[in-house]
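Report on the following structure.
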Amino acid sequence: MDIKPIRCSPVKLNVADVETAAKFSGAVYSDGIWWKELFKGFWWPFDIQEVFRVGIKPPFLKRFIGYQHLTRKEDGNCYLRFMRIEDLQGWGPEILEKKQRSVIRKSFENLNLRKIDKFVEKEAREAMFSWNNLVEWTGWRKKMQAKEFLKYWNSILKTPGATIIGAYKDEVLVGWIIGTLYSNGHCYPNRYVVHRKYFDFSPNDALIYCFLLSAKAMGAKVANFGLFIPEKASLDKFKEHLGFKRTSFPAYISLNPLAKLVIRILKPNQLDRITGWRSVYNQKDK
């Protein structure tokens, strides 16, 4: 297939083994597995894409709500549905729709993308400006003052396996993505932030494309863009346009019965996301 080239040069991503990254983050080691606290009292394996036998558990006193991990189909009691590229080595511009390639191509014509590998206060403050702007118009997360954000930005730069890629317009940082790559071939485009003023340049598309292309060049096998969110269909459509697909994986979950009841009453959507029990997860993909 003859397609116009997209002028994107892969960047050299930082890469770390799961154990190194887990230790740095303060993860907990139990039953031969590194665990991270998804929310207070509820645990996932540090690398959620790894499959484990039923029976492994985080420490007893810490799992007062419960825990969950991927497992074999015959051992599972729920599903986790991720937005995922199953074969990143087979992914590329040729699998994207013509309209999507055009959007990405034009974005690279208007913006410069490069890896951010050292702390520069001016750059960090520009990143904070985009963060707070995103919070203002979406209500996502919370605004940060300079002291808090600069500390956060510096911590990301020191995190094993994490890479920040920035999008620049006239040498002003207008958007950025944090991506993670582990030595087992799993990669995650974790967080992307863009100032609304620059949305017409489609920096989100370019940032995610650059991260995926860079991860592919470094031998990454699969890319995981987080859980499918039925109530945010437009967000998942955006991910699908970049090559991600809704994929269900058998999982095992253990929940404190009382906690399960409270979550079902107060946050049913959250329970849906981590269990796949309700019908929305059984609908045929459109």
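Values in this text are rule-based calculations from the coordinates and carry no lab data. Computed from a predicted model, the values in this text were never measured in an experiment. Here Cβ is always computed from backbone atoms with ideal geometry, including for glycine, and neighbour counts include all displayed protein chains.
For S30, the residues whose amide H sits under 5 Å from its own are W35, ignoring neighbours fewer than 5 places away on the same chain, with H placed 1.01 Å from N. Residue-normalised convex hull volume from the C-alpha trace of segment 58-137: 287 Å³ per residue.
With Cα atoms defining each centre, segment 1-67 and segment 98-123 are spaced 27 Å apart in the structure. For S30, neighbours were defined as the other residues whose beta-carbon sits under 11 Å from its Cβ, and their charges (Lys and Arg +1, Asp and Glu -1) total +2.
Please pull out the direction-averaged projected area of segment 89-246, using the convex hull of its alpha-carbon atoms, in nm² to one decimal place. Let's see the in-between values first.
Values: hull surface 37.4 nm².
In nm², the orientation-averaged hull projection of segment 89-246 is 9.4.
Per-residue ellipticity at 222 nm, computed for the chain from helices alone with -39500 (n - 2.57) per DSSP H run of at least four residues, works out to -10000 deg cm²/dmol. Rounded to the nearest 20, the size of the Cβ-charge dipole of the chain about its Cα centre is 580 debye, with Lys and Arg at +1 and Asp and Glu at -1. Based on the Kirkwood approach, the hydrodynamic radius assigned to the chain is 20.1 Å, with every pair of different Cα atoms included.
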